[in-house]
1. Taking only pairs six or more apart or across chains, which ones have beta-carbon atoms under 7 Å, a first residue in the stretch 268-285 that is more than 16 Å from ligand 2 (Cβ to nearest atom), and a second residue that is in a strand (DSSP E or B)?
2. Name the one entry in Leu89, Leu59, Leu98 that is assigned to a loop (DSSP other than H, G, I, E, B) and either more than 19 Å from Gly135 (Cβ to Cβ) or not hydroxyl-bearing (Ser, Thr, Tyr) (or both).
3. Within the stretch 248-271, which residues are β-branched (Val, Ile, Thr) and within 12 Å of ligand 1 (Cβ to nearest atom)?
4. Mind checking which residues of the stretch 24-35 are surrounded by 13 or more Cβ atoms within 10 Å (Cβ to Cβ) and under 17 Å from Ala60 (Cβ atoms)?
5. Answer yes or no as to whether Thr134 is among the β-branched types (Val, Ile, Thr) and in a loop (DSSP other than H, G, I, E, B).
6. Just name the residue that is farthest from Ile11 (Cα to Cα) out of those in the stretch 321-343 that are of a type in the set (A, V, I, L, M) and free of Cβ contacts under 8 Å to residues at least 60 places away in the same chain.
7. Hey, does the stretch 221-237 have a residue that's within 16 Å of ligand 1 (Cβ to nearest atom), crowded, with 24+ Cβ neighbours inside 10 Å, touching a residue at least 12 places away in the same chain (Cβ under 8 Å) and closer than 19 Å to Arg200 by Cβ?
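Nothing in this text is a laboratory measurement; each read-out follows from the coordinates by a stated rule. Just so you know, these numbers come straight off a predicted model, no measurement behind them. Cβ atoms come from the backbone with ideal geometry, glycine included; neighbour counts cover every protein chain shown.
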Amino acid sequence: MKIAVLAGDGIGPEIIEQALKVLDVLRKDGLALELEHAPYGGAGYDAYGDPLPEGTLKLAQEADAVLCGAVGGPQYDKLPRAQRPEQGLLRIRKALGLFANLRPALAFEELAGASSLKTELVAGLDVLIVRELTGDIYFGEPRGRRNNAEGECVAYDTMLYSESEIRRIAEVAFGLALKRGKKLTSVDKENVLETSRLWREVVKETAKRYPQVELSHMYVDNAAMQLARAPKQFDVIVTGNMFGDILSDEASMLTGSIGMLPSASLDSNNKGLYEPAHGSAPDIAGKDIANPLATILSAAMMLRYTFEMEQEAARVEAAVKRVLAQGCRTADIYEAGTRKVGTAEMGDAVVAALRA
Ligand code: IPM
Ligand code: MG
């Protein structure tokens, strides 16, 4: 099992290091994992002038799975768009055909008090956001700038979805809902957008093949409101790239910290890229205070979805739970009465819990 490790920028390298410690325990226990590192994001730009250097893409294409840290930093903000770190991420998603982005928002009991919502609203929360990842206004053409008839500059992007793009993400979402609470909410803006009208039609059509799943539709503005009002009404949410980007950040805060949220981006054969849902947090990079749990939980998702090792995945998740129960907290999830630990110490605690 070959894993391409793309640590990226900011806190990327230090959180990735913790996930690798965890994988190392499994390796010593007999898992045949082969790791190879490559520069990516700002680090790719620094080394090769490209946020997704050719060698890095090739490595990712050849690997069975890709484990990523995070990309971006203020020193790259002034670069032309093609060279910006985020382009490395968007290009690798597109090049590997990673159209299905799974972002679970799972409230660990131990952290219910860390959420900005009332404890009773989030205790036991378990929502899975399934975000389409290679279409929509992120990739639609044409895009650009031109002058209008009055000579004023106008900028435009194209929101675009094909039936097949919608159908394949709907299939993934129905399949996942079937294995969970059997409730699927499709989020769109059908009262305004053409793409959303098609989206809703195709999702309804797909639903015929999944009579066991209860399907509902919700406008994105209402979904944003319902997530903050009564998040436990949701089981699986399926939505487009742009709406999913926004709603998944919102959902992450329900769990206490975006530092807890893992993600998987899958192709049609379950090859995947795994990364925390948070960014590179340049302001705290190198300070040993970042929360590595989202990355460790991303590695667990890799074991589950790409390598189909449910037991090992559950073992890592149980170790994270145990560490939280022991009271270990990084700064982002710290509460009075718990013990504040750094990035490396949190990684070590998960390793110890795994070995126990
Ligand atoms: C995410 C991020 C990316 C996105 C950015 C960094 C391009 O916000 O993974 O959610 O918008 O998809
Ligand atoms: Mg985002």
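1. Partner pairs satisfying both residue conditions: Lys271/Ala65; Gly272/Ala65; Gly272/Ala264; Gly272/Ser265; Gly272/Leu266.
2. Leu98
3. If we filter the stretch 248-271 for residues that are β-branched (Val, Ile, Thr), which is where we start, we get 255, 258.
The answer is Ile258, and nothing else.
4. Here is the first cut: in the stretch 24-35, the residues surrounded by 13 or more Cβ atoms within 10 Å (Cβ to Cβ) are 24-27, 31, 33, 35.
Hits for the stretch 24-35 are Leu33, Leu35.
5. On the way: among the β-branched types (Val, Ile, Thr): yes; in a loop (DSSP other than H, G, I, E, B): yes.
Yes; evaluated as a whole, the condition is true for this residue.
6. Ala336
7. yes
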